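The values are calculated or read from the model by the stated rules, or taken from the named source; none is laboratory data. Note that the structure is predicted; figures quoted are calculated from it, not measured. Ideal geometry is used to build each Cβ from the backbone, glycine not excepted, and the neighbour counts take in all protein chains shown. Each accessible area value is taken on the protein alone, full model and side chains, heavy atoms only, with ligands, DNA and RNA left out. Shrake-Rupley method; radii C 1.70, N 1.55, O 1.52, S 1.80 Å.
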Amino acid sequence: MNEKRRDVLKAISGAGIFGALISAGIVTPAMVYAADERKIFAAKTLDEAFAALGTPKPAESADITITAPDIAENGAVVPVGVASKIAKTEQVAILVEKNPNMVAATFTFGENTLPDLQTRIKMGQTSDVLAVVKADGKFYMARKEVKVTLGGCGG
Amino acid sequence: MAGPMRIRAAEKDGIVEVRVLMSHPMETGQRKDSSGNPIPAHHISALTAKHNDKVVLTAEMSGSVSTNPYLAFKFKGGAKGDKVSVSWVDNKGESRTDEVQIS
């Protein structure tokens, strides 16, 4: 089982392949669940998250812009945008420092895709939001504090 | 079962802006129901966006992405009438693909 899981983890480095595996019936739903225990999403500290991304603590860069409200009234829906001016930006990860699992999502760009995206995330409490950018094999990051008046992860 | 995605793809000055609104509960697995039992995690785990048959964006998500996830991104090289498709798969193995033409 463990051997198999490793293969699956390797395979999902291309998310498209992942879908193909499911439609082909190679990956059963139970294995999909196992695959989501991906190291990166299990990270509970910044150091673990950086390690899962494959970098020591990245240098802060002024070329990364995080667009998020200073105060979010509803932590369940916090609009966050990340734009990078760093050449050859290939990947962006959005982290919330004080969420139980820090990494909210990672995005990998095709060659014609602009490193400029918006999404919405949950925040349990007031925290720094971090954007970790991988460009030309190197990592950079930026952070912005978002104050949350009503948490998004409560029961 | 998850409903259809709402996708908009608009071309302006050679840049296509794609906006996607998915329909998904995005349960984190950390919440409890009224009788105190944990609600199992149920969230989109991977997403792929394609322009015609070329991948323009892939994403991996956790339950920390908001319910009914929204995603907006831009890519170059698209023309009006081209196809943009978005597929996701969740941690229970459900999946969905929707596509639109660039306007």
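Take every Cα pair under 8 Å in region B:1-92 that's 6+ residues apart, average their separations, divide by the length, and report that relative contact order as a whole percent. The partial results should precede the final answer.
Numbers: 194 pairs, mean separation 31.0, N = 92.
Reported relative contact order: 34 percent.
Pairs of Cα atoms under 8 Å, at least six residues apart: use those to get the relative contact order of region A:43-148, whole percent. Could you put the intermediate results ahead of the total?
Working: 243 pairs, mean separation 35.3, N = 106.
With pairs under 8 Å counted, the relative contact order is 33 percent.
Cβ under 10 Å from B:Val56's Cβ, B:Val56 left aside: what net charge do those residues give with Lys, Arg +1 and Asp, Glu -1?
Values: positive: B:Lys50, B:Lys54, B:Lys74, B:Lys76; negative: A:Glu111.
Once positives and negatives cancel, what remains is +3.
Could you tell me the total accessible area buried at the B-A interface, probe 1.4 Å, in square angstrom to the nearest hundred?
3200
Within region A:77-155, report the GluC sites (Glu not before Pro) that DSSP leaves as loop and that have at most 13 other Cβ atoms within 10 Å.
Numbers: sites: A:Glu90, A:Glu97, A:Glu111, A:Glu145; in loops: A:Glu97, A:Glu111.
Taking region A:77-155 and a limit of 13 other Cβ atoms within 10 Å, the loop GluC sites (Glu not before Pro) found are A:Glu111.
Is there a quick way to get the dipole size of region A:80-155? I mean about its Cα centre, with the Cβ of Lys and Arg at +1 and of Asp and Glu at -1; what is the value in debye to the nearest 20?
For this selection, approximately 180 debye.
How about B:Lys50: which lysines have a C-alpha closer than 20 Å to its C-alpha, ignoring those fewer than 8 places off in the same chain?
Cross-link targets: A:Lys88, B:Lys12, B:Lys74, B:Lys76, B:Lys80, B:Lys83.
Let me check I've understood the local charge: for B:Gly3, count other residues with C-beta under 11 angstrom from its C-beta, Lys and Arg +1, Asp and Glu -1. What total comes out?
+1
Please report the net charge: other residues with Cβ closer than 10 Å to the Cβ of A:Arg143, K and R +1, D and E -1.
-3
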